[in-house]
Amino acid sequence: MAVTSPRTTQKLTVDEVCAELQVARSTFYDWRQKGRAPRCIRLPNGALRIRRSDFENWLTDCEAHS
């Protein structure tokens, strides 16, 4: 199995995360403000990215809390 470096891991946009979860962008930002969203990376231009691995871990944590 190939090992991927952190630089090559997939990063999702907020729109991609919202589409996958079927939630409005405003809901994502509400979760983010409340500290309930997946970990995000802020790029120099202000855009946010979410590592696929962080997103998957966040989903797993959501399942564990339900």
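The values are calculated or read from the model by the stated rules, or taken from the named source; none is laboratory data. All values reported here derive from a predicted model rather than from experimental measurement. Positions of Cβ are backbone-derived with ideal geometry, glycine not excepted, and every protein chain shown enters the neighbour counts. To get the accessible areas, we keep the full protein, side chains included, count just its heavy atoms, and leave off ligands, DNA and RNA. Shrake-Rupley method; radii C 1.70, N 1.55, O 1.52, S 1.80 Å.
Of all the residues that make up the stretch 15-32, how many are farther than 15 Å from L59 by Cα and either at pLDDT below 95 or assigned to a helix (DSSP H, G or I) (or both)? Walk me through how you get there before you give the answer.
Pass one, the stretch 15-32, residues farther than 15 Å from L59 by Cα: 15, 24-27, 29-30.
Keeping just the survivors that are either at pLDDT below 95 or assigned to a helix (DSSP H, G or I) (or both) gives 15, 25-27, 29-30.
Qualifying residue count, the stretch 15-32: 6.
Can you pull out the residues in the stretch 33-57 that are within 10 Å of the chain's Cα centre (by Cα) and either open to solvent by less than 40 Å² (accessible area, probe 1.4 Å) or among the basic types (K, R) (or both)?
At the first step, the residues of the stretch 33-57 found to be within 10 Å of the chain's Cα centre (by Cα) are 37-41, 48-57.
Within the stretch 33-57, A37, P38, R39, C40, L48, R49, I50, R51, R52, D54, F55 meet the criteria.
Which condition number in (1) modelled with pLDDT under 95; (2) touching a strand residue (DSSP E or B) at 6+ places or on another chain (Cβ under 8 Å); (3) open to solvent by 60 Å² or more (accessible area, probe 1.4 Å) is the one that T4 fails?
So T4 meets the others, but not (2).
Run down A64, A47 and say which single residue is modelled with pLDDT under 95 and among the aliphatic types (A, V, I, L, M).
Numbers: A47 fails: modelled with pLDDT under 95.
Only one candidate qualifies: A64.
Which residue pairs have Cβ atoms closer than 6 Å, lie 6 or more positions apart in sequence or on different chains, and pair a first residue in the stretch 43-64 that is in contact (Cβ under 8 Å) with a residue 12 or more places away in the chain with a second residue that is open to solvent by 70 Å² or more (accessible area, probe 1.4 Å) and among the polar types (S, T, N, Q)?
Partner pairs satisfying both residue conditions: R52/Q10.
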